[in-house]
1. Pick out which of Asp162, Asp229, Asp180 has the largest mean-square fluctuation in a Gaussian network model of the chain, springs linking Cα atoms closer than 10 Å.
2. Which whole-number percentage describes the relative contact order of the range 1-81, with Cα contacts under 8 Å and a sequence gap of 6 or more?
3. Can you list the HN-Hα couplings for the range 192-203, worked out from phi with the Karplus curve (6.51, -1.76, 1.60; θ = phi - 60°), rounded to whole Hz and with x for Gly and Pro?
4. Taking the range 123-172, which GluC sites (Glu not before Pro) meet the DSSP loop condition and have no more than 13 other C-beta atoms within 10 Å?
5. For the range 30-72, state which trypsin sites (Lys or Arg not before Pro) are in a DSSP loop and have at most 11 other beta carbons lying within 10 Å of their beta carbon.
6. With viscosity set to 0.692 mPa s and temperature to 37 °C, compute the Stokes-Einstein D of the range 89-177, Rh being the Kirkwood radius across alpha carbon pairs; µm²/s, no decimals.
7. Take the alpha-carbon positions of the range 22-151, form their convex hull, and give its projected area averaged over all directions (one quarter of the hull surface) in nm².
8. Sorting Lys257, Lys26 on the 10 Å Cβ count, fewest up front, what's the list?
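Readers should treat all values here as calculations from the given coordinates under stated rules, not as data from a laboratory. The structure displayed is predicted, hence computed values, not measured ones. Heads up, the Cβs are rebuilt from the backbone with ideal geometry, glycines too, and the neighbour counts pull from every protein chain shown.
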Amino acid sequence: MVEIPRSHPRYWSLYYRERIIEGMEKGMTARAGLIAHGRGEAFDYLLGERTIEPAERAMRVAVAKFLLAEHPVVSVNGNVAALVPKETVELARALNAKLEVNLFYRTEERVRAIAEELKKHGAEEILGLNPTKRIPGLEHERGRVDEEGIWKADVVLVPLEDGDRTEALVRMGKFVVTVDLNPLSRSARMADVTVVDNVVRAYPRMVELAREMAGYSRRELLEVVGDYDNGKVLNEVLLHIRDRLTRLAGEGVWRKKDLE
Ligand code: ATP
Ligand code: MG
């Protein structure tokens, strides 16, 4: 990995960029994954590169839904494996969920490389190596899923997912949770719960929440879910961005050192 000076004002951004590049070099991340990462970074700039309240609320509901689920599955792709491999394994464990490698650009080598990385971080069972089922409405390679995983799942977490696939999962009747920095993406608009946050912040927080809520009763978990309204949460994210930009424009950003 290229050495990044700790003093650089954009240290973390550059650090995760290097992680994505490294993910590609390890054979896990697709070239298009680099582009998707850049799109995410742009939205993170607009959000203010922090976890905002609507995202925190979405995470709490997502975790509660997972703890209430019968067959919960956490899906893993090449970007997620590059950015948060350890947190992915921890999250699946804390949620009692299965891990499935599920790729938009599926190749056997990429699936194997991701499974290896997850094993290195302590994963035991990994699904998606031999997917025998297909999501209706998606053509062959894009639709392949594991019979014991996403196929059977009632609640699925599909972070950084393509909108078409998110929609197909919703149509199958799954309860779909996504993590996506772009509140306007099709995935963000199609999912049942959208966590508009960077996966590098969202996953550690969701692990904390899962451990905290592990002792909750069913009733308490249902209370957390309450009458959650994903449309309202997405609107709040848009208003957060609008209000922040309005404030920044008022303060002026020219030669301003740090933005809040
Ligand atoms: P859609 O298909 O949902 O309309 P898209 O085609 O713009 O979206 P995809 O490449 O299909 O994008 O999905 C990747 C999504 O992941 C993008 O919306 C991008 O903003 C988001 N993303 C990229 N990096 C991160 C990250 N680190 N954390 C959270 N979201 C991210
Ligand atoms: Mg897409």
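1. It is Asp229.
2. On the way: 35 pairs, mean separation 28.8, N = 81.
Contact order relative to length: 36 percent.
3. For the range 192-203, the Karplus-derived couplings read 7, 9, 10, 9, 8, 7, 6, 4, 6, 9, 5, 5 Hz, x marking Gly and Pro.
4. On the way: sites: Glu124, Glu125, Glu139, Glu141, Glu147, Glu148, Glu161, Glu167; in loops: Glu124, Glu125, Glu139, Glu147, Glu148, Glu161.
Of the GluC sites (Glu not before Pro), the ones in loops of the range 123-172 whose Cβ has at most 13 other Cβ atoms within 10 Å are Glu124, Glu125, Glu139, Glu147.
5. Details: sites: Arg31, Arg39, Arg50, Arg57, Arg60, Lys65; in loops: Arg50.
Here the trypsin sites (Lys or Arg not before Pro) that fit, given the DSSP loop and packing criteria, are Arg50.
6. Working: Rh = 13.3 Å.
Rounded, D is 247 µm²/s.
7. On the way: hull surface 34.5 nm².
Answer in nm², one decimal: 8.6.
8. On the way: Lys257 5, Lys26 16.
Ascending Cβ contact count within 10 Å gives the list Lys257, Lys26.
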